[in-house]
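Inspection log for the structure reproduced underneath, given as C-alpha cells.
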Amino acid sequence: MAKRVVSGIKPTGNLHLGNYLGAVKQWVAQQDAIQAEGGETLYFIADLHGLTEWIAPAELRANTIEMTATLVAAGIDPDRSILFNQARVPAHSEMAWLLNNVARVGWLNRMTQFKDKAGKNREGASVGLYDYPVLMAADVLLYNTTHVPVGEDQKQHLELARDIATKFNGDYATELFTLPEPLVSAAAPRIMSLRDASAKMSKSNPSEQSVVKLIDSDEVIADKFRKAKTDPDVLPATVEELAERPEARNLLTIFAALADRTPGDVLADYAGKGFGAFKPDLADLAVAKLGPIRDEMVRLLDDRGAIDAILEKGADKARTLAVPVLRRAQEAMGLML
Ligand code: TYM
C-alpha cells in the first residue's frame with residue numbers, strides 16, 4: 001500500500017521553534033521522501049482544535065492565514081502536498097462524532113495533555129478540550145494514514161487513534177481503518193523552553209524569552225539565544241555527560257537539529273569551550289536558518305487572496321479523499337444517508 005502522511009498544527013499562535021524542529025521540518029522531508037515512493041502528504045491547520053481553548057475569532061482567522069504562509073515559507077509546497085484548514089473539510093467533524101461512540105471515557109481520562117491543559121480547572125474546561133484526541137483520531141483515520149510526523153507530546157494521542165481504529169474495525173467487522181504510525185523526529189522529539197528546561201517550548205510558556213517564534217526578527221532570535229539559561233560548566237566531549245544538564249542538552253539539541261548534524265558531531269567542535277563561545281554561534285545559526293523563512297512568510301502575507309486560494313484548493317482535494325472513507329464508516333455503523 002502506498003504511504004500516506006498526514007499531520008496538523010493548531011493556529012493558536014505563531015509557529016515556534018519546537019513546532020518547526022519537532023514537526024514541520026519532518027513534514028518537508030516527508031514531502032520529498034514519501035512522494036518519491038508514490039505516496040501522498042497532507043498537512044492541515046487544525047482550526048477546529050484551536051477552538052478548544054478560548055480564542056478571539058479575528059485572531060483565529062489571522063493565525064490560520066499566517067500559519068499557512070509560514071508552512072509554505074518553510075517548504076510545504078501546495079502543489080505537491082495537500083495543504084488545507086480542517087474546518088473547510090466537514091468530514092473531520094462528522095467522523096469525530098462517529099468515533100466519539102467508539103472511544104471510551106476511560107481512554108480519554110488517561111490523556112496527559114488534557115490533564116496538563118485543564119489543570120485544576122477540570123470542571124471549567126470545555127468538552128472540546130476533553131474530546132480533542134477523538135477529533136485528532138478522525139483527522140488521521142479519515143485518510144487511511146500510514147504515518148504521522150509529530151513531536152513526542154502527541155504520541156499518546158496517536159496511540160489512542162490506533163485503539164479507536166482497532167475497536168471500530170472489531171466492533172463493525174471491517175478493515176476500514178489503517179493503523180497510523182507516529183513518526184517522532186529523532187533529532188528533536190521535544191524542544192524545551194529556553195528559560196526552564198523542565199517545560200517544553202510552547203506558546204503558553206509564561207516568558208516570551210523562552211520561546212523562539214518564526215516571526216521574531218533576527219535581533220530578537222539572537223537575543224533569546226544569547227540570554228538562554230545555561231550553566232557555568234564547559235561543554236563535554238560526549239552527549240552522555242549532559243544527562244544532568246538539561247539546559248545545556250536542550251541548546252545542543254537545537255544546534256544539531258538546525259544544522260542537520262548529530263549532537264556528538266557538534267560537541268566535537270565545542271568540547272572544552274564554554275557557553276560564551278557556543279551561544280553566539282547558535283544565535284547565528286538560528287538566524288541563518290529561520291530568518292529566510294520569516295522573510296518569505298512576510299512576503300507571502302502580502303497576498304492574502306493567494307493564501308486563501310491555496311487553502312480552498314487543498315480542501316477540495318482533501319474532501320475527495322475523506323468523503324468516501326466517511327461514507328464507508330457511516331455504512332458500517334448502519335447509518336442510512
Ligand atoms: P500543536 O499545534 O501543539 O503542535 C504542532 C506540532 O508541533 C509539535 N511540537 C513540538 N515538538 C517538539 N518540541 C516541542 N516543544 C513541540 N511543541 C509542539 C507537536 O508535537 C505537533 O506535532 N494535536 C496537535 C495538532 C493536530 C494533529 C492532528 C497532529 C490536530 N490533529 C492530527 C497530527 C495529526 C497539536 O496540538 O499540535
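Points worth noting:
- Sparsely packed loop sites in region 168-271 (the GluC sites (Glu not before Pro) outside DSSP H, G, I, E and B with at most 11 other Cβ atoms within 10 Å) comprise 175, 244.
- Under 5 Å from the amide H of residue 192 lie the amide H atoms of 201, each residue being 5 or more positions distant or on a separate chain, with H modelled from the backbone and absent for Pro and chain starts.
- Under 14 Å between alpha carbons - lysine pairs in region 208-299 that sit 8 or more apart or on different chains: 5
- Given 117/313; 115/203; 25/313, the pairs whose alpha carbons are separated by over 27 Å: 117/313
- Overall form of region 34-74: oblate. Here a/c, set by the Cα gyration tensor axes a ≥ b ≥ c, is 1.5 or more, and a/b is not larger than b/c.
- Region 79-121-region 236-280 distance, computed between alpha-carbon centres (Å): 37
- The calculated FRET efficiency for residue 269 paired with residue 156, based on their beta-carbon distance and R0 = 45 Å, is about 0.80.
- The slack between residue 37 and residue 218, meaning 0.36 nm per residue of separation minus the straight C-alpha distance, is 61.4 nm.
- Near residue 41, the amide H atoms lying under 5 Å from its own belong to 5, 82; only residues 5 or more places off or on other chains count, and H is placed 1.01 Å from N.
- With Cα atoms, 0 to 90° folded angle of helix 275-300 axis to the chain main axis: 40
- Sites residue 172 and residue 1, calculated FRET efficiency, Cβ-Cβ separation with R0 22 Å, nearest 0.05: 0.60
- Counting only alpha carbon atoms, the long axis of helix 127-141 and the longest principal axis of the chain meet at about 80°.
- Extension gain (nm, one decimal) between residue 125 and residue 107, 0.36 nm per residue minus Cα-Cα: 4.7 nm
- Under the shape rule built on the C-alpha gyration tensor, where the axes satisfy a ≥ b ≥ c, region 71-214 is oblate, since a/c reaches at least 1.5 while a/b does not exceed b/c.
- Taking 0.36 nm per residue of sequence separation and removing the Cα-Cα distance, the residue 181/residue 313 pair yields an extension gain of 44.8 nm.
- For the chain, the normalised intensity computed at q = 0.10 Å⁻¹ comes to -0.62 (log10 of I(q)/I(0), Debye sum over alpha carbons, equal scatterers, no solvent).
- Relative contact order, percent, the chain [alpha-carbon distance under 8 Å, six or more residues apart]: 23
Laboratory data are not the source of any read-out in this text; all were calculated from the coordinates shown. Nothing here was measured: the structure is a model prediction, and the numbers come from that model. Using ideal geometry, Cβ is built from the backbone for each residue, glycine included, and neighbour counts are taken over all protein chains shown.
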